[in-house]
Structures are given as C-alpha cells and as structure tokens.
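Okay, structure first, notes after.
The values are calculated or read from the model by the stated rules, or taken from the named source; none is laboratory data. None of these values were measured; they are calculated from a predicted model. Neighbour counts are summed over all protein chains in view; Cβ atoms, including those assigned to glycine, are modelled from backbone coordinates with ideal geometry. Heavy atoms of the whole protein, side chains included, go into the accessibility calculation; ligands, DNA and RNA do not. Shrake-Rupley method; radii C 1.70, N 1.55, O 1.52, S 1.80 Å.
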Amino acid sequence: MANQNLLLESILILFIFFLLPYLSWSWSALSCLEYQKQVLLQFKSSILAINSSLHTLDSWNSSSSCCLWDKVICSSPSNSNTTSTSSVVIALHLSCLSAQLMPSNLLASLFFIRSLMALDISENFIDGQIPALRHLQYLDLGSNKLQGGQSPKVGSLQDLRMLNLSSNRLSGELPGEIGNLTKLQQLLLSSNKFSNAIPSSISYLRELEQLDLSDNAFSMEIPTDIGNLSSLSSLRLGNNKLTGGIRVSMQKLNKLDSLDLEGNLLTREIPLWLFNSKDLQS
C-alpha cells in the first residue's frame, strides 16, 4: 500500500510540474511527428507478436495522430523545442500492458523519441537487462522481471528526477555512479537482490526526497554522510543486512517524517535524539 501511494504521488507530481504546462487545450488539433508515430506503431507490432490478443493499444493506428492515442501524452506545438507545427510525444503510460513475458530490448525503439520525458511501463512482465534510458526525467519499471546488475552507465542518466526499479530481480552492487544523478527526487529500488554496501556517493543526491532500498541484501554500515540528504522526507532501509548503528549525521535530516530500519543487524543503541523527533511517523 505504501508503494502504491508513493507511485500515485509520483505521477501527480509529474503531471503538475512536468506535463501540465505542455498540454494543448485543443486535442483535436494535435498532430504528431511522423517518425514518432512510426516508432510507436513498431513498438505495438512487437508487443502484438508476443500477445496477439492485446487490445489495450487498439487506438494506435496509422490513420490518426499519435497524440490522440490512449496512453500517449504530447506537448503542444508552441511548447515544443522544435520549429515544426507538429506536437511531440513527451510521456507514455504503458503499465499493465501484458501478462506475457516481454524481452527488455523491445523498449529500445522508444528511446529514439528524444522528446520523451516520462515512461511508465510498470507492472508488466519485462524480462532481461535494463535498457538505455537517455533523455528521460521519469522512469517507472517497477514490478517487472528485470534481472542482472545495475550498470555503471546509470551515472550518465543525469536528467532523471524519478527512478523506480522496485520489485524486480536486480542483483549485485549498486554502482557508485548512482551519485551522479544529482537531480533525482525519488529513488525506489526495494524488493530486489542488491547486495554489499550502500555506496557512499548516494549522499551526493541533495535533491532526493524519497529513498527506498528496503527488502534487499545490503550489508555493512549505513553511509556516514547520509545526513547530507537534506531534502529527504522518507528513508526506507528495512529488511537488509545492515550492521553498526544509526549515523549521527541523520540528526540533520530535518524534513524526515518516515524512517524504516527494521529487519537489519544493527547492534548499537538507538540514539536519544531519534525518540525526540516529533515529525517521524514510523
């Protein structure tokens, strides 16, 4: 339930701050770029080759503008960064498309849409490695079948504001390059198989508001400088193998109202200042 609320909040934030300014008041006047339309039709064909009974994308057809299709959001021509009179695709809401396994390389074509800012393809059965994710600000791949390690290349995705990879099968170390994503506001990696230490570079994410690394196998101590995450309101590290104690630097997390550390191997006493924090809910 907590993750659902988090996702709904994320979508609302995305709509208000990223999408609403771009929406046209006259949907019937929107025409999309032809190459973006063809990319989306090719994506649909790839999905139908796996699940021919899928009807979710029936509105996606060659005779209408892709800006009028279900699950597609476009910008108005006046707000796009091109000189074209056509609108551009900025968001795709593709959650719960299919109950059939889909290889992650099916997503590769979507990233040719350089105007794409937001992609929600959660709660599908996407299997394999995480695909290239350039240009996105919002990416939700939660509740799929992604596996393998997180590549250091994740550090090049510096436009991301929100990254949700929770409830997959990702494993290995979380690379230190995650600290390069300095615009991140939400990092949701719960219910995977990540292990070893939480990288100290995570303390570079000064705009981070929600950090959920719960239900993994992270070990060793909580990073010393985690208190540098001055915007953090929710910190969930429960059900890992973390050792040591609660870091003194966490006293600086003045906006923190949700804290989960249960189910770890923490051995030191709970500091008194934590009991005196009036804003903490859990």
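Pairs over the 20 Å Cα-Cα cut-off, from the set Lys44/Lys153; Lys145/Lys193; Lys37/Lys183; Lys193/Lys255; Lys44/Lys71; Lys183/Lys255: Lys44/Lys153; Lys37/Lys183; Lys193/Lys255. For the stretch 51-209, the carbon plus sulfur part of the accessible surface works out to 46%, probe radius 1.4 Å. Mind putting a number on the dipole of the stretch 199-282 about its Cα centre? Charges go on the C-beta only, +1 for Lys and Arg and -1 for Asp and Glu, and I need it in Debye to the nearest 20. In debye, rounded to 20, the stretch 199-282 gives about 220. Per residue, the convex hull spanned by the Cα atoms of the stretch 112-203 amounts to 84 cubic angstrom.
Within the shell defined by Cβ-Cβ distances under 12 Å, the residues around Leu235 carry a net charge of -1, with Lys and Arg each +1 and Asp and Glu each -1.
If DNA, RNA and ligands are ignored and the probe is 1.4 Å, what is the ranking of Lys193, Lys145, Lys44, Lys153 by accessible area, most exposed first? Let's see the in-between values first.
Numbers: Lys193 130, Lys145 55, Lys44 35, Lys153 155 Å².
Sorted descending by solvent-accessible area, the residues read Lys153, Lys193, Lys145, Lys44.
Net charge in the neighbourhood of Phe43 (other residues with Cβ under 12 Å of its Cβ; Lys, Arg +1, Asp, Glu -1) is +3.
Net charge dipole, the stretch 129-253: roughly 140 debye, given to the nearest 20, about the Cα centre with Cβ charges of +1 for Lys and Arg and -1 for Asp and Glu. The relative contact order of the stretch 112-156 comes to 43 percent, based on Cα pairs under 8 Å that sit 6 or more residues apart. Applying 1/(1 + (r/R0)^6) with r as the Cβ-Cβ distance of Ser52 and Trp273 and R0 = 51 angstrom yields a FRET efficiency of 0.30. Rounded, prolate or oblate for the stretch 161-231? Axes are the square roots of the Cα gyration tensor eigenvalues, ordered a ≥ b ≥ c, and the cut-off for rounded is a/c under 1.5. Here the stretch 161-231 falls in the oblate category.
Packing here is the average count of other Cβ atoms within 10 Å per residue, and on that basis the peptides 202-210, 234-242, highest first, run 234-242, 202-210. The alpha carbon convex hull volume per residue for the stretch 170-282 rounds to 83 Å³.
Taking every protein chain into account, the 1.4 Å probe leaves His55 with about 130 Å² of accessible area, to the nearest ten.
Apply the a/c threshold of 1.5 to the C-alpha gyration tensor of the stretch 37-143 and tell me whether it is rounded, prolate or oblate. In terms of gyration-tensor shape, oblate. For the stretch 131-180, the relative contact order is 47 percent, taking Cα pairs closer than 8 Å that sit 6 or more residues apart in sequence and dividing their mean separation by the residue count.
For the stretch 156-194 and the stretch 136-152, write down the distance between their C-alpha centroids in whole Å. Value for the Cα centre distance between the two parts: 8 Å.
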